[in-house]
1. Tell me the carbon and sulfur percent of the accessible area for the chain, rounded to whole percent, probe radius 1.4 Å.
2. With a 10 Å cut-off between alpha carbons and a GNM built on the chain, which of Leu166, Leu113, Leu77 moves the most?
3. Quick one: order Leu202, Leu74 from most to least accessible surface, probe 1.4 Å.
4. Specify which labelled value, from [x] 15.9; [y] 12.8; [z] 15.3, agrees with mean projected area of the Cα convex hull in nm² derived from the coordinates of the model shown.
5. Springs between alpha-carbon atoms under 10 Å, Gaussian network over the chain: tell me which of Ser225, Ser158, Ser68 tops the mean-square fluctuations.
6. In the Gaussian network model of the chain, springs joining C-alpha atoms below 10 Å, which of Ala178, Ala91, Ala80 carries the largest mean-square fluctuation?
7. What accessible area per residue, rounded to a whole number of Å², is obtained for the chain using a probe radius of 1.4 Å?
8. Considering the Cα trace of region 100-215, what is its radius of gyration and what is Dmax, both in angstroms?
Amino acid sequence: MSSDQSASKPDHMKHFGTNAIHGGYGPDQWNCKSAVTPIFTATTFQQHAPGDPEGGYDYTRGGNPTRSSLQTCLGKLENAKHAFVYASGMAATSTVATALLRSGSRILAMNDLYGGTNRYFRRVIDSFKVTVDFVDASDLDKVKEALTPDTDLVWLESPTNPTLTLVDIAAIVQIAKAYPSNPIVVVDNTFMSSYFQQPLCLGADVSMQSLTKYMNGHTDVLMGSLLTNRDDLADKFQFVQLSVGK
C-alpha cells in the first residue's frame, strides 16, 4: 500500500490487519498467558459471592470470555464501541426487532433484501403488529416520501444479497435523522464486510452482519453480529442477549 493510500484511510483502518489478528486476543487477559484465545465451554462460572461474578461472567448466555474476545475484535474492525455476536445473521436481525420495536412500531425497509430478512419482515414480525413499509431506497426522493411520523427504524442493505443493489447510506442517514421521528438506522453490511464498508462511519446507528458470508468464508461457521456506538442501544441488545440468548 502506498503512503498516499494509507493516509486517506481512517486511523482504525490503517491497522485493519493487525486488529483482525490481535484485537481482543491479547495473552495478558488470561492467567495462563495463552497466545490463542481459549474456547470456554463452561455454562456457569464460580462467583466470589452471590451476584459478584468474576469479570461479569456468571452464565454463558449472558457472557463468555471466548465470545467477548471475538466481540472486541469485531468492534475494533469497525471502530465500534459495542459489539455483539449471535448464532446466525437472522438471530442478529431478530434481536434488533426484539430489542428496539414494540407492537405498533413501523419499519421503513428496502424492497430488495436478503431472502431471510424479507421473509422475517413479511411473515414473522407482522404477527406482532409491526408495520413494514418497503421502498426502492436507491431513489432518495422515494425514501423521503416513504418516511412517516411513525417510522421507528430504517433498515438498509447495500449491496444487497444477491442482486447487489447499492444505496447511498450516508445520504439516507441524513434524510432519516432530519425527520421528526429520528428513526434508528440499521445497515446490513454482510456483502461488503468490515473491510470494504463501515456503516457506523457513514452515520448509521447499527451495523449488522451475517458473519457466515464474507467475514468467515461461508464454509464452516454460522454467526451474526451487531455493532453500535450508542450506549442506549447496546444496553438493549445486551439485555435481550442475556434474557433470550440467540
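1. Carbon-and-sulfur percentage of accessible area, whole number: 53.
2. Fluctuation is largest for Leu166.
3. Details: Leu202 70, Leu74 10 Å².
Putting Leu202, Leu74 in descending order of accessible area: Leu202, Leu74.
4. Here the calculated entry is [z].
5. Judging by the Gaussian network model, the answer is Ser68.
6. Largest GNM mean-square fluctuation: Ala178.
7. Details: 12570 Å² over 246 residues.
On a per-residue basis, the chain sits at 51 Å².
8. Reported Rg and Dmax, both Å: 13.3, 37.
The values are calculated or read from the model by the stated rules, or taken from the named source; none is laboratory data. Since this is a predicted model, take the numbers as computed values, not measurements. Accessible surface is based on the protein model in full, side chains and every heavy atom, while ligands, DNA and RNA are left aside. Shrake-Rupley method; radii C 1.70, N 1.55, O 1.52, S 1.80 Å.
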